[in-house]
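For reference, the structure discussed in these notes is given below.
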Amino acid sequence: MNWFSRVLPPKINKKVPEQEATESKRSVPEGLWSKCSTCQAVLYRSELEENQQVCPHCGHHHRLTARQRLHYFLDPEPRLEIGADLLPVDPLRFKDQKRYKERLQEAQQKSGEKDALVVMRGLLEGQPVVAAAFAFEFMGGSMGSVVGTRFVKAAESALVERCPLICFSASGGARMQEGLLSLLQMAKTAAVIERLGKARIPFISVLTDPTMGGVSASLATLGDILIAEPNALIGFAGPRVIEQTIREKLPEGFQRAEYLLEHGAIDQIVDRRQLRSSIARQIGILMQAEHSA
Amino acid sequence: MKLQYLDFEQPIAELEGKVEELKELNQPGIQEDIKRLENKARKELQRLYSKLTAWQTVQVARHPQRPYTLDYVHALFTDVEVLAGDRAYADDAAIVGGLARFQGQAILWIGQQKGRDTKEKIQRNFGMPRPEGYRKALRLMRLAERFRLPVLTFIDTPGAYPGIGAEERGQSEAIARNLAVMSDLAVPIISLVIGEGGSGGALAIGVGDRLLMLEYSVYSVISPEGCASILWKDAAKAAEAAETLGITARRLQSLGLVDEVIDEPLGGAHRNVQLVYENIAASLARHLQELQGMETARLLSHRYERLMHYGVVGAA
């Protein structure tokens, strides 16, 4: 199967039923068993589930939906969603080949989310936290008014409860369909993070695959601690845009988490299965003064 | 300097060309003809500019003869001192900044700078800053805060530079850091879009207490060409993208995102720079006076509220 699927041309390749069942390599595999998109190992779904969608053979981190992310990260109980009542509108009456309104409806049906950020209050190994996760499955996790406003709600909740904020980013950047309003969400989220810092509330930013553009150039890189998942693509400009601009091949591993670590852009790369314990430890230390006060 | 015309301005180019020819002939009795033609040219200019499309506005905002940051700095300010470098890596010529006086008042100014000729364009990287440019801006803003100088920024960039080195040195973080620091910098900040407001690369010096735009400047989350190539898979649809993105000064003002649109002469700032300088000076003086009358705590809480109000959402 391994060599066979690789030598087939892409079109025929698509018709192989097992491949069909795993959908594209970008989404999390469904069905009873599936195949790792990186090492091609055949895995039971339950095995993947136990490993938080990390391939137990090669360590490839499959992308998660926002709810999967929060499900794996937070203690099972209690969980309270914040900002679910905020819904996207179409202030520009934006229309390309499709209307923004239609795109929103389609994204909502496909993903089951109302917009691209899900926020919950809960516990992490018993410590109260607010956790936010980008829904890449919703219009590429793009940041418009709702994402920005939900993020502010998350931060405000962390300020009021005096508990850490953790955000998992996965986004192509600002949402074009809301024009300048989307761009200004960058300033808005940055401003509320500045308040967290002044109030000595830790903000942990976890950069997951992919974190690009306006999200990378605002909230995602403003964490007190920056953690990336292995091999996550992280950057400002997309690799294709850079290639077209400079007309050169990009270096091996460019904009990957390991490359960023080497260039001093992030604090750590942490395996998804260790994220809970690692972040719990770090916020415990950062909140020490708060708790002994 | 010979006036350059944009494609959509060709009817004016012809009329004004004829006027020039007649003037050179310098024959008696043609004064009437010249007047008539000049009138016709002015009417044509009025006609074109009264229904300027978003895409045509982009062309004007990118006009090669449009005044750039340093033109405004030298026209509006005295005692201009240029300050360089980020103290860590390099001096980025795509962002300029320094000290000056505006109507006697000590200020700090920052802006993106495009180049006029090929050599300068390359030196200034077409006004596309790298991280060291944003970090220079940040350093200057902190200097302004320390010495209580209001900050005036001039926005004119296609965007932050998409290059290997820029990414390696943390383009994202450099932009993000500026947004955070500007949101709470304890001096008044006024930003003026003078040409192209290109996405995050523009916003990185554009967070503050006032956002002003010149009449024919644009400000957008993505370039019309970039948007078209993503959503239409065809960069040639840039005109449609420009329209729907809502990037003109007037449109953004109607959305409540811009505090004031500063008038330009018909045909754009380059046709009468003196008039533009006067309009900008009047506007800056007014806003500066308003902001300097505010106590710092009030200034910052207003700025914060202003940032928090950005966005349009519905409720379940």
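What follows is calculated from the coordinates using simple rules that are stated; it is not laboratory data. None of these values were measured; they are calculated from a predicted model. Every residue, glycine among them, receives a Cβ derived from its backbone with ideal geometry; neighbour counts consider all protein chains shown.
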For segment A:105-251, what is the charge dipole size about the Cα centre, in debye to the nearest 20, if Lys and Arg each add +1 at the Cβ and Asp and Glu each add -1 at the Cβ? 320 debye
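How many Cβ atoms of partner chains, on average, are near each residue of A:210-221 if near means within 10 Å of its Cβ?
So the per-residue partner count for this stretch is 5.
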Cut-off under 16 Å on the C-alpha distance; same-chain residues fewer than 8 positions from B:LYS35 excluded. Which lysines are left, in chain and number order? B:LYS18, B:LYS23, B:LYS43
Find the lysine pairs in chain A meeting two conditions, Cα atoms under 25 Å apart and a separation of 8 or more places or different chains, and report how many there are. 27
Theoretical ellipticity at 222 nm over chain A - DSSP helices of four or more residues, -39500 (n - 2.57) apiece, nearest 500: -11000 deg cm²/dmol
Using a Cα-Cα cut-off of under 19 Å, which lysines could be cross-linked to B:LYS114, ignoring same-chain neighbours fewer than 8 residues away? B:LYS136
Measure out, as a whole number of angstrom, how far apart the alpha-carbon centroids of segment B:112-158 and segment A:34-80 sit. 45 Å
Suppose every Lys and Arg Cβ carries +1 and every Asp and Glu Cβ carries -1, with no other charges. What dipole size does the protein assembly as shown come out with about its Cα centre, to the nearest 20 debye? 420 debye
For peptide B:156-167, the mean count of other chain Cβ atoms within 10 Å per residue Cβ is 5
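Calculate the mean, over all residues of peptide B:176-187, of how many other protein chain Cβ atoms lie within 10 angstrom of the residue's Cβ.
On the way: counts 15, 5, 3, 13, 13, 2, 4, 9, 6, 1, 0, 0.
Per residue, the number of nearby Cβ atoms from other chains is 6 on average.
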Inter-label distance for B:GLN105 and B:GLU225, nm, one decimal - labels placed 7 Å from Cα along Cα-to-Cβ: 3.8 nm
With each label point set 7 Å from Cα along the Cα-Cβ vector, what nm distance links A:LYS110 and A:TRP33? 3.0 nm
Which Cα, out of A:ALA187, A:ALA280, A:SER34, lies furthest along the positive dipole direction of chain A (beta carbon charges, K/R +1, D/E -1)? A:ALA187
Go ahead and set up a Gaussian network model of chain A, Cα springs under 10 Å, then flag whichever of A:THR221, A:THR245, A:THR211 fluctuates most. A:THR245
What's the center-to-center distance, using Cα atoms, between segment B:248-263 and segment A:134-170 in Å? 28 Å
How far, in degrees from 0 to 90, does helix A:275-286 lean away from the longest principal axis of the Cα atoms of chain A, to the nearest 10? 20 degrees
Report the FRET efficiency, 1/(1 + (r/R0)^6), for A:LEU261 and B:GLU38, where r is their Cβ-Cβ distance and R0 is 45 Å, rounded to 0.05. 0.10
Could you give the distance between the Cα centres of segment A:235-269 and segment B:188-219, to the whole Å? 28 Å
Taking a crude spin-label model, label points 7 Å out from Cα along the C-beta direction, the B:ALA316 to A:GLN268 distance in nm is 3.4 nm
With springs only between Cα atoms under 10 Å apart, run a GNM on chain B and tell me which of B:ARG101, B:ARG87, B:ARG303 wobbles the most. B:ARG87
Among the Cys residues of chain A, which have no other cysteine Cβ under 4.7 angstrom away? A:CYS163, A:CYS167
Across B:GLU81, B:GLU168, B:GLU225, the residue with the highest GNM fluctuation in chain B (Cα network, 10 Å cutoff) is B:GLU168
Which value, in debye to the nearest 20, describes the size of the charge dipole of chain B about its Cα centre when Lys and Arg Cβ atoms bear +1, Asp and Glu Cβ atoms bear -1, and nothing else is charged? 360 debye
